[in-house]
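Input: a single structure, listed below in structure tokens.
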Amino acid sequence: MPDLILNEEEQMLKNTVREFADRELIPRAREVDETAEFSWENWRGMANLGLMGIGIDPKYGGSGLDGYRKVAIAAEEIARGDAAASVSMLAHLSLGTTTIYRFGNEEQKQRLVPPLATGDKVAAWALTEPGSGSDAAAMRTTATERDGTFFLNGSKTFITNASVAESIVVFANQDRSLGYKGIGAFVVGRDSPGLKINPLHGKMGMRGSTTDEVVFEDTPVRQDNILGELGRGFNQAMDILDSSRIIIAAQCVGIGQSALEVAIRYAQQRETFGKPIAQHQAIQFMLAEMASQVYAARVATMNAATLKDQGQSFVTEASMAKLLASEMCVEVANKAIQIHGGIGYFQEAGVERIFRDARVTTIYEGTSEIQKLVVARQLLRQYAI
Ligand SMILES: Cc1cc2nc3c(=O)[nH]c(=O)nc-3n(C[C@H](O)[C@H](O)[C@H](O)COP(=O)(O)OP(=O)(O)OC[C@H]3O[C@@H](n4cnc5c(N)ncnc54)[C@H](O)[C@@H]3O)c2cc1C
């Protein structure tokens, strides 16, 4: 079904990533979920396609494909193949690498970005703490200066990729009395003294991605690893989240699309009362609703990406896309289980994994409630009386 008008380059990218996902990701997805281990095979496959450097200038090792539309297309197709692989890619590209690329100086970009843009090294992005998620400005991790070096103390939690990352972008407060205006962004290398990374276990879904606790005990950060102006870290983090929500929305579209496809195939095979369940109007209606929901979320996502690429205001549209797409993929995956009946509740059908993977999307990168706050704030400003 042609869902959006993609230009030739975008259609080629979509086809290439889809073929890779069909060939490499889908056949491995169940095993990766069961072992709950980061798949380097998936990572290298994505890196070989140049996906870790989309939107990054070739002079810093990027693949030279510009724009959020392209990242969104790739993210959707990877998530359709294996949602966990897409989380690893997105935390690396849209969060970690993009923060260095956007806010780093020329020397930092030349030194840090090339191995990340090629996927030779992995990046992570550490904002959330045990006591501060939605309310990120309430973070307690500190960056204290002694003799020209900053020392980090505190801990971050739920950090995707941390245990496989070479570079971790960390937000810490140099002066808590300044509130969010005291927060800075620092790049910490994996071998830094006083850095401990503890993998978190027992995650409901996205099990092929690592989610870790990161602890700092007097961890020194080189002066040349401070990103941009100290005190601007909170604004940098919010800026990055505004854009990366578009990409999470695309991930959700891919998850919804995979649930839809699995459900359509099953509905044509399973027979009840002498005919395939796809011949029952109740099932047809469910499939039609699912397809419409995926379509609407895809259009909203690509519209937000287009606004961003054109340099127009996009923040409200990005939040609306993330809200719609994440709620959509949970509902669509749930309906896909319903269409499968009892077998949908078992691993064998593969659809319960899609549902478990989908479930986190209304929580991370800003919960649905936080997206509603962003949208409502804009509405009240726009229609202020
Ligand atoms: C698998 C996974 C991967 C993650 N990866 C990363 C990562 O790479 N880097 C990183 O920094 N973080 C990461 N996170 C953290 C994630 O972004 C946070 O969990 C998320 O922002 C929510 O924060 P919280 O868990 O502290 O929930 P809380 O902020 O405690 O929220 C709890 C509930 O209260 C609601 N709530 C909070 N404030 C308000 C309000 N003002 N109005 C209405 N409702 C409100 C929330 O919507 C939610 O329902 C990850 C999380 C998971 C689960």
What residue, among those in segment 208-218 that are surrounded by fewer than 24 Cβ atoms within 10 Å (Cβ to Cβ) and over 14 Å from the mean Cα position of the chain (by Cα), is nearest to Asp33 (Cα to Cα)? Asp212
Got a sec? Which strands (runs of 3 or more DSSP E) wholly within segment 112-200 have at least 3 residues that are touching a strand residue (DSSP E or B) at 6+ places or on another chain (Cβ under 6 Å), in contact (Cβ under 8 Å) with a residue 12 or more places away in the chain and open to solvent by less than 40 Å² (accessible area, probe 1.4 Å)? 123-126, 149-160, 167-173, 183-189
Tally time: how many residues in segment 75-110 are free of Cβ contacts under 8 Å to residues at least 60 places away in the same chain and among the charged types (D, E, K, R)? 2
The conditions are (1) within 16 Å of the ligand (Cβ to nearest atom); (2) open to solvent by less than 10 Å² (accessible area, probe 1.4 Å), and Arg245 fails exactly one of them. Which is it? (2)
Quick one: how many residues across segment 1-55 are over 21 Å from the mean Cα position of the chain (by Cα) and small (Gly, Ala, Ser)? 0
Residues of segment 1-46 being at pLDDT 95 or above and of a type in the set (Val, Ile, Thr), in sequence order, are Thr16, Val17, Ile26, Val32, Thr35
Show the residue pairs meeting these rules: Cβ distance below 9 Å; 6+ apart or different chains; first residue within segment 208-225 and outside the structural domain of Ile168 (by TED's automatic domain parsing); second residue open to solvent by 40 Å² or more (accessible area, probe 1.4 Å) and at pLDDT 95 or above. none
For segment 82-111, give me the residue count where each residue is in contact with a strand residue (DSSP E or B) (Cβ under 9 Å, 6 or more places away or on another chain), outside any helix (DSSP H, G or I) and not small (Gly, Ala, Ser). 1
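The values are calculated or read from the model by the stated rules, or taken from the named source; none is laboratory data. This is a predicted model, so every value here is computed, not measured. Positions of Cβ are backbone-derived with ideal geometry, glycine not excepted, and every protein chain shown enters the neighbour counts. When the accessible area is computed, the model is the full protein with side chains, heavy atoms only, and any ligands, DNA or RNA have been set aside. Shrake-Rupley method; radii C 1.70, N 1.55, O 1.52, S 1.80 Å.
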